[in-house]
Amino acid sequence: MEAEDDTSEIDRYTVLSAIWVFACNDERALISYRGIRHRLSLPASYPVEEIVRDRAELFRLRAPQSQLAAYKEFLRSGQIGPSWLSVVKSREEKLQVIDDLEPEDFFRGQFRTEADAPRSSLEILKWGLEHIERLRAKDVQKGEDRHKRVTAIWIPAGSLMATILALIVSSCMQWDAADRNADLQVFETTYQPRQEGYATSMRTMWNTFQAASSSDQARTDSSLVALETTLFELEPVMSQGTREAVWKEYRTFEAFCRQIAKGPAQARATTLAQFTAHRRAMAELLHMGLFESALTR
């Protein structure tokens, strides 16, 4: 059951850790946002979609149509389904809820692309949790008092952490870690540099836009050079077609930022909407070139 709409004491990194464990350990690769809220007793307003969307190195958005169709058939069959659906009492209402499911209602772990994908290895699970803790540590280093941070995060999130620990213990009992070293090695050499480059690109685009919006041409130029450098570093792992599309989008974004920096002031909402469209386009291209291409090799 979804909790009351009070998110003030719910730590995003704890929720992210729980989502990562579910994505690695669930029997089915498809995970629903509604299921996450139900299983973690999160309020309906809690931004689960935003948390997942912001971590492209961990998750893949949307359900492929073929997988969604098969999953809907499974749900309609009346077999034991997800817990969030069991709270819907009438058969007619359940069928309507199932029919209304869309690809955007689901996501998958980055390393479970197929419908019948096995659970992720223990090493990948552990890497994801350690990666999340590194993200948390960066926030802590931004000047927040450690004692207050621990009190605010871990005490209210105790029930979530108990869930995570139980799942990890269960995973340890199910998997033989000795046979999984190859998975971790592939990840460290293939995915980690890519996710860092992806995150740097998205962050630099925002910095460039901020500088341009302030009519700071020097900082705009510097940020554009930084973005260009990052894209050059990512070039070798992308196909020729993707590289050309990325550089085309870069040039369009560059022209957009220089126009803002040099031209008359525009409505903030208008330029922000345009920036969001540019960043989304670049994110999709980089995701395809860095992550999806790697999974097919």
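For region 107-121, give me each residue that is touching a Cys at 6+ places or on another chain (Cβ under 7 Å) and buried (at least 22 other Cβ atoms within 10 Å of the Cβ). Within region 107-121, GLY109, SER120 qualify. Would you point out the residue of region 79-100, among those that are touching a residue at least 40 places away in the same chain (Cβ under 8 Å) and not in a helix (DSSP H, G or I), that is surrounded by the most Cβ atoms within 10 Å (Cβ to Cβ)? Only one residue fits best here, namely PRO82.
Among the residues of region 41-56, write down those that are more than 22 Å from THR113 (Cβ to Cβ) and crowded, with 21+ Cβ neighbours inside 10 Å. Within region 41-56, LEU42, TYR46 meet the criteria. For region 202-209, the count of residues that are of a type in the set (S, T, N, Q) and more than 16 Å from HIS278 (Cα to Cα) is zero.
With respect to GLU57, is the statement that it is among the acidic types (Asp, Glu), assigned to a loop (DSSP other than H, G, I, E, B) and either under 29 Å from SER17 (Cβ atoms) or out of contact with any Phe, Trp or Tyr (no Cβ under 6 Å at 6 or more places or on another chain) (or both) true? Yes: the conditions hold for GLU57.
Here's the yes/no breakdown for (1) under 25 Å from ASP116 (Cβ atoms); (2) loosely packed, with under 15 Cβ neighbours inside 10 Å; (3) over 13 Å from the mean Cα position of the chain (by Cα):
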{"site": "ILE10", "(1), (2), (3)": "no, no, yes"}
{"site": "THR14", "(1), (2), (3)": "no, no, yes"}
{"site": "ILE31", "(1), (2), (3)": "yes, no, no"}
{"site": "LEU58", "(1), (2), (3)": "yes, no, no"}
{"site": "ALA63", "(1), (2), (3)": "yes, no, yes"}
{"site": "LEU68", "(1), (2), (3)": "yes, no, yes"}
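Under 8 Å between Cβ atoms, at least 6 apart or on separate chains: pull out the pairs that start in region 117-128 with a residue that is on the phi > 0 side of the Ramachandran plot and end on any residue that is of a type in the set (D, E, K, R). Every condition considered, no pair remains.
Could you say which residue among SER32, SER86 is out of contact with any His (no Cβ under 6 Å at 6 or more places or on another chain) and at pLDDT below 90? Among SER32, SER86, only SER86 is out of contact with any His (no Cβ under 6 Å at 6 or more places or on another chain) and at pLDDT below 90.
The values are calculated or read from the model by the stated rules, or taken from the named source; none is laboratory data. All figures in this text were calculated on a predicted structure; none of them were measured in a lab. Positions of Cβ are backbone-derived with ideal geometry, glycine not excepted, and every protein chain shown enters the neighbour counts.
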